[in-house]
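The structure appears below as structure tokens.
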Amino acid sequence: MGKAIEKSGVARDEIFVTTKLWIQDTGYESTKKAFERSLKRLCDRITRHED
């Protein structure tokens with residue numbers, strides 16, 4: 001993903017990433033945990049592709 005962003009020529013500050021919240025993850029604590037999982041997966045993918 002990181003390489004694709006770089007090759008696109010679009011500035012990173014112009015990119016908006018979204019993710020889903022499954023119905024079973026609703027509620028304050030569940031939502032926070034789901035967000036952290038999504039963020040970790042996204043960062044792992046970006047890091048892995050930029051190395």
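In table form, for the structure just shown:
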read-out	value
Answer residue from region 1-16, given it is at pLDDT 75 or above and assigned to a loop (DSSP other than H, G, I, E, B) and is most open to solvent (accessible area, probe 1.4 Å) among those	Phe16
Residue list for region 17-45, restricted to those being charged (D, E, K, R) and part of a helix (DSSP H, G or I)	Asp25, Glu29, Lys32, Lys33, Glu36, Arg37, Lys40, Arg41, Asp44, Arg45
Considering residues of region 18-33 that are exposed (fewer than 10 other Cβ atoms within 10 Å of the Cβ) and of a type in the set (Val, Ile, Thr) only, the residue farthest from Cys43 (Cα to Cα)	Ile23
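The values are calculated or read from the model by the stated rules, or taken from the named source; none is laboratory data. None of these values were measured; they are calculated from a predicted model. Note that we place each Cβ from the backbone using ideal geometry, even for glycine, and neighbour counts take in every protein chain shown. Just the protein is used for accessible areas: all its heavy atoms, side chains included, with ligands, DNA and RNA removed. Shrake-Rupley method; radii C 1.70, N 1.55, O 1.52, S 1.80 Å.
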